[in-house]
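Below: the structure, in structure tokens.
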Amino acid sequence: MTPIERNAWVKRLAADVGLDRCGVSRAAPVARGDYVRQWLEAGRAGSMHYLHRFLRQRLDPCTFLEGAASVVMVALNHHQPPLKPPPSRAEDCSVARSPDPHAPLSGQSPPRSEREQGVPGRIAMYAWGEDYHDVMKRKLALIAESLREEGLADGRPAAVKICVDTAPLLEREFAAAAGLGWIGKNTLVLAPGLGSMFFLGAVVTSLEIAADPLIPDHCGTCRRCLDACPTQAFPAPYQMDASRCISYLTIEHRGAIPDELRSGIGEWLFGCDICQEVCPFNRDAPPTREPAFAPRSHAPTLDAQRVLEWTPPQYQEALRGTAVRRAKLDMLQRNASIVLANQASAAQQADSAAAAASPGCASDR
Ligand code: SF4
Ligand code: SF4
């Protein structure tokens with residue numbers, strides 16, 4: 001096969017194993033290497049010190065796979081279809097009725113499952129189903145095997161290296177380089193027709209495969225994500241201060257959460273989807289076709305009070321096989337305390353608003 005034929009072939013392989021997008025870039029140092037270095041030097045990664053390690057490898061796949069020629073990037077959609085709306089709160093006069101500026105476009109939240117009777121702590125959508133790492137690795141292993149068998153011109157098998165999150169590769173940068181999408185103002189990859197709610201994976205290989213063209217930036221004058229972020233984690237478009245991001249604070253950060261950021265966390269127990277929920281490119285994103293990502297019993301919310309009372313075995317049992325286990329029990333309980341405090345404060349404000357409103361519940365229908 002020629003490199004151009006291999007490009008079409010690898011895309012067929014990816015589609016056959018249930019991946020939603022596939023693109024190819026040259027195995028070369030990332031174009032925005034200086035930006036990444038400056039971002040780290042500015043302390044934007046917070047306590048994610050592991051990002052400083054293996055930086056040379058992260059920026060250049062040729063450093064961790066000898067003879068690397070191509071990077072096959074894939075996307076696996078985890079977007080969930082809109083859930084049934086939560087039980088009507090309009091009947092509850094104690095709840096404020098002002099529109100939520102962070103209300104999602106797709107109507108899937110703020111979700112309160114029928115199982116959920118307590119204070120809902122929201123779980124980011126990517127963690128509603130099975131942990132994606134094994135799902136992605138299984139699919140990439142099939143592609144990698146085919147690449148290996150295709151072999152090099154001298155008859156040797158091609159070298160391959162699978163990268164899923166933990167491997168030293170800046171997946172977002174390579175996804176953009178492989179033409180999967182553009183990096184939006186919210187710093188996530190946006191793929192036309194797919195949005196941003198997908199997982200990335202890669203196979204670095206010594207096989208020559210034709211590269212795909214770049215996709216131009218379509219953010220235009222939009223700034224919905226920047227304006228919606230409750231903790232002002234975007235110092236500027238296309239720049240993220242991870243140390244202020246709810247996803248970082250609730251999942252990666254091990255210590256106490258700074259006081260000034262707690263109220264912005266709102267109902268988020270694990271992660272945050274706000275800057276994706278408000279993005280117009282996610283409005284009509286298709287639902288995932290991956291059965292492993294079907295929402296499990298902890299999705300879309302967990303009762304924050306119950307989490308606070310969990311013992312280690314209860315935590316393990318409730319979250320077995322899910323990405324929520326990435327946050328240790330003490331971290332989830334820290335997050336649950338913040339969610340409960342925020343809920344109490346919101347209820348107090350709603351009560352005050354209701355008391356100030358007149359003539360009362362019955363007459364404003
Ligand atoms: S995930 Fe949430 S906290 Fe983080 S940048 Fe997006 S909106 Fe802000
Ligand atoms: S919300 Fe608007 S600015 Fe932000 S990533 Fe989406 S399109 Fe770009």
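The values are calculated or read from the model by the stated rules, or taken from the named source; none is laboratory data. Owing to the predicted nature of the structure, the values given are computational and were not obtained by experimental measurement. Positions of Cβ are backbone-derived with ideal geometry, glycine not excepted, and every protein chain shown enters the neighbour counts.
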**OP:** State the number of residues belonging to region 56-75 that are in contact with a Leu (Cβ under 7 Å, 6 or more places away or on another chain) and either assigned by TED's automatic domain parsing to the domain that holds residue 295 or part of a helix (DSSP H, G or I) (or both).
**Re:** 3
Original post:
Among the numbered criteria (1) in contact with a Cys (Cβ under 9 Å, 6 or more places away or on another chain); (2) modelled with pLDDT of 95 or more, which single criterion is violated by residue 22?
Top reply: (1)
**OP:** List every residue pair whose Cβ atoms lie under 7 Å apart, where the two residues are 6 or more positions apart in sequence or sit on different chains, the first residue falls within region 3-18 and is farther than 14 Å from residue 210 by Cα, and the second residue, located anywhere, is in a helix (DSSP H, G or I).
**Re:** 13/143; 13/146; 14/143; 17/139; 17/142; 17/143; 18/139
**OP:** Report whether or not residue 155 is more than 16 Å from ligand 2 (Cβ to nearest atom), assigned to a loop (DSSP other than H, G, I, E, B) and in contact (Cβ under 8 Å) with a residue 60 or more places away in the chain.
**Re:** no
**OP:** Please name all residue pairs, on different chains or six or more residues apart, with Cβ atoms under 8 Å, provided the first residue is in region 253-277 and is basic (Lys, Arg) and the second residue is modelled with pLDDT under 95 and more than 8 Å from ligand 1 (Cβ to nearest atom).
**Re:** 254/47
**OP:** Please work out which residue is farthest from ligand 2 (Cβ to nearest atom), limiting yourself to region 229-264 and to residues that are part of a helix (DSSP H, G or I) and among the basic types (Lys, Arg).
**Re:** 262
Original post:
Does residue 256 satisfy the criteria of being among the aliphatic types (A, V, I, L, M), closer than 22 Å to residue 21 by Cα and more than 8 Å from ligand 1 (Cβ to nearest atom)?
Top reply: no
Original post:
Within region 142-159, restricting attention to residues that are touching a helix residue (DSSP H, G or I) at 6+ places or on another chain (Cβ under 6 Å) and more than 19 Å from residue 212 (Cα to Cα), which residue is farthest from ligand 1 (Cβ to nearest atom)?
Top reply: 157
**OP:** Considering each residue of region 201-228, count those that are surrounded by fewer than 22 Cβ atoms within 10 Å (Cβ to Cβ), within 16 Å of ligand 2 (Cβ to nearest atom) and not small (Gly, Ala, Ser), and give that number.
**Re:** 11
**OP:** Please go through region 178-202 and pick out each residue that is more than 16 Å from ligand 1 (Cβ to nearest atom), within 16 Å of the chain's Cα centre (by Cα), among the small types (Gly, Ala, Ser) and not in a loop (DSSP other than H, G, I, E, B).
**Re:** 191, 201
Original post:
How many of the residues making up region 219-228 are in contact with a Gly (Cβ under 8 Å, 6 or more places away or on another chain) and assigned to a loop (DSSP other than H, G, I, E, B)?
Top reply: 1
